[in-house]
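Some notes on the structure that comes next.
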2 protein chains.
Amino acid sequence: MCELLGMSANVPTDICFSLTGLVQRGGKTGPHKDGWGIGFYEGKGLRIFHDPEPGVESKIAEFVRKLPIKSEIVISHIRKANRGKVELKNTHPFVREVWGTYWTFAHNGQFKKIKSESLGEFLPVGTTDSEYAFCWLLGKLKKKFPHPPHRDRELFQTVGTYLRELHRKGVSNILLSDSKNLYAFCSTKLSWITRQSPFGKARLVDADLAVDFRKVTTPGDKVTVIATQPLTSDEEWNRFQPGQFQVWRKGRIVFSDR
Amino acid sequence: MCELLGMSANVPTDICFSLTGLVQRGGKTGPHKDGWGIGFYEGKGLRIFHDPEPGVESKIAEFVRKLPIKSEIVISHIRKANRGKVELKNTHPFVREVWGTYWTFAHNGQFKKIKSESLGEFLPVGTTDSEYAFCWLLGKLKKKFPHPPHRDRELFQTVGTYLRELHRKGVSNILLSDSKNLYAFCSTKLSWITRQSPFGKARLVDADLAVDFRKVTTPGDKVTVIATQPLTSDEEWNRFQPGQFQVWRKGRIVFSDR
């Protein structure tokens, strides 16, 4: 199994605090030592860092953790390999361009027989079932909509339908983004928290680090963090229900199937 | 205009020395201060670093320059913007997946009317004519070969034909890779050097740094470096002729149209 971390914010926000907690689970407080990756959107642009080293030992993780990259959408993943070798090409998040935007995908879980599904125009580079599932999803999406649908709701419902299909094929906790929206599907385990005014303090579960959000935010900020397990001990996280699908934009829920 | 740097090697090799020279041209010894990017292949896997900051000031460039990432193929680019704003999404190298491998592309030059060409299944995310040209090329390639051609020569000749078409549309010095081969097209200016036994010493043109390759290589190593302008002062670089197209694999030329 793996751990996921996502962020959706209405102002460019750095993820240093949450990431410090997550990478500890990459070999120190958790067993997810088979690589690590993160994607930061800046508008339509995307920075992506991948490393097959354990998160807690990775020089790249250490560097990125301290780099105050400000982003409106972040997707990160630390890997405990079950399918596919520990190699750079198998490190999430995966990226493909659809309709002139970069889509990124990170997955926690395992699919049964996903590789017997036929693919459309996207093919996996690595050997994970996760990347295969991502290619399957985007192939179906682009076949159904050669051009992006006019109404967001149509897009969200279609993506939700495909994610539910994946859910039926195995454990599929998924974070997905198209540079505007952050899509989250919970198969077994996923939590989120939305931080907004009045801001408080928080302390990491996995490292001896606390932050006072009042000092690093402005009153209008709205920042949602999504993680496999809550990252802080003194805040109330919301737990997804199994099978639940939600979409965030600028820190706010714009679609929910519940 | 921009500057290009590429490497093709028969053993995983770091590019720290050449990169140190290149990034100086990103705002110090050269005017290419509008961003910087590099892609490292490790097998089929790809690490890519992008930064819209000037190369010489970029924290990411400084970090990557010292990170001894060993790779068989590298493509790097420092940008002096002429078309497209200075933004992350406009930073080379660009990446797309074709036939289950990552293709990367970096371009020095400028095209006339490239955006009136119709595109296939790949669309640009940013606003540069370079990314547009890359999408055009891959769209044509995948339309002609829905599956990769069996013979490498057929692939090389086809890519060469498309690159010559681009050359007719403007200045198009190009580095392109498919994770196995490094394709280089010279429109106006491009040089290369192949380092192999017996190795010697070299000194950078752009920084006070020398290296003794005898100390960092083994006798069987073969490493080709391609750059817009020679990076060292005491080695003999080969100059491409305008219109020349060559392909390297594992440090060795596998296709040349001359």
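Structure notes:
- Against the numbered list (1) within 14 Å of chain A (Cβ to nearest Cβ); (2) in contact with a helix residue (DSSP H, G or I) (Cβ under 9 Å, 6 or more places away or on another chain); (3) β-branched (Val, Ile, Thr); (4) crowded, with 21+ Cβ neighbours inside 10 Å, B:Val98 comes up short only at (4).
- Across segment B:66-91, the qualifying residues are those that are more than 12 Å from chain A (Cβ to nearest Cβ) and either in a loop (DSSP other than H, G, I, E, B) or of a type in the set (Lys, Arg) (or both), and the one among them that is least open to solvent (accessible area, probe 1.4 Å) is B:Arg79.
- Candidates A:Leu155, A:Leu182, filtered to the one that is more than 30 Å from A:Leu204 (Cα to Cα) and of a type in the set (A, V, I, L, M, F, W, C): A:Leu155
- Test result for A:Glu131, closer than 29 Å to B:Pro124 by Cβ, buried (at least 24 other Cβ atoms within 10 Å of the Cβ), of a type in the set (D, E, K, R) and modelled with pLDDT of 85 or more: yes
- Any chance B:Gly120 is of a type outside the set (A, V, I, L, M, F, W, C), in contact with a Leu (Cβ under 9 Å, 6 or more places away or on another chain) and assigned to a loop (DSSP other than H, G, I, E, B): yes
- Sole residue being in contact (Cβ under 8 Å) with a residue 24 or more places away in the chain, within 14 Å of chain B (Cβ to nearest Cβ) and out of contact with any strand residue (DSSP E or B) (no Cβ under 8 Å at 6 or more places or on another chain), chosen from A:Asp34, A:Asp51: A:Asp34
- Filter pass, B:Arg252 being open to solvent by 30 Å² or more (accessible area, probe 1.4 Å), over 20 Å from B:Val74 (Cα atoms) and among the charged types (D, E, K, R): no
- Listed by first and then second residue, the pairs with beta-carbon distance under 8 Å, at least 6 apart or on different chains, first residue in segment A:153-172 and of a type in the set (Phe, Trp, Tyr), second at pLDDT below 95, form an empty list.
- Which listed residue is farther than 24 Å from B:Gly109 by Cα and open to solvent by 30 Å² or more (accessible area, probe 1.4 Å), from B:Lys180, B:Lys169, B:Lys189: B:Lys180
- The residue list A:Leu19, A:Leu5, A:Leu46 contains one member that is more than 12 Å from chain B (Cβ to nearest Cβ), modelled with pLDDT of 80 or more and part of a strand (DSSP E or B), which is A:Leu5.
- Counting only residues that are in contact with a helix residue (DSSP H, G or I) (Cβ under 8 Å, 6 or more places away or on another chain) and within 13 Å of B:Ser172 (Cα to Cα), segment B:129-150 holds 5 of them.
- Which numbered condition B:Gln229 fails, given (1) modelled with pLDDT of 95 or more; (2) open to solvent by 20 Å² or more (accessible area, probe 1.4 Å); (3) within 14 Å of the chain's Cα centre (by Cα); (4) not aliphatic (A, V, I, L, M): (1)
- Filter result for B:Val56 (open to solvent by less than 40 Å² (accessible area, probe 1.4 Å), touching a Gly at 6+ places or on another chain (Cβ under 7 Å), away from chain A (no Cβ under 12 Å) and β-branched (Val, Ile, Thr)): no
- Some residue of segment B:101-111 being more than 13 Å from chain A (Cβ to nearest Cβ), under 17 Å from B:Phe185 (Cβ atoms) and in contact with a helix residue (DSSP H, G or I) (Cβ under 6 Å, 6 or more places away or on another chain): yes
- Scanning segment B:101-121 for residues that are of a type outside the set (Asp, Glu) and open to solvent by 10 Å² or more (accessible area, probe 1.4 Å) yields B:Thr101, B:Tyr102, B:Gln110, B:Lys112, B:Lys113, B:Lys115, B:Ser116, B:Ser118, B:Leu119, B:Gly120.
- Within segment A:139-152, the presence of at least one residue that is touching a residue at least 60 places away in the same chain (Cβ under 8 Å) and not in a strand (DSSP E or B) is confirmed.
- Residues of segment B:193-215 that turn out to be among the aliphatic types (A, V, I, L, M) and exposed (fewer than 14 other Cβ atoms within 10 Å of the Cβ), as a count: 1
- Some residue of segment B:112-127 being of a type outside the set (Val, Ile, Thr), closer than 28 Å to B:Thr13 by Cβ and more than 14 Å from chain A (Cβ to nearest Cβ): no
The values are calculated or read from the model by the stated rules, or taken from the named source; none is laboratory data. Since the model is a prediction, treat every value here as computed from it, not as a measurement. All Cβ positions, even for glycine, are placed from backbone atoms using ideal geometry, and neighbour counts span all protein chains on display. Keep in mind that these areas ignore ligands, DNA and RNA; they rest on the heavy atoms of the full protein, side chains included. Shrake-Rupley method; radii C 1.70, N 1.55, O 1.52, S 1.80 Å.
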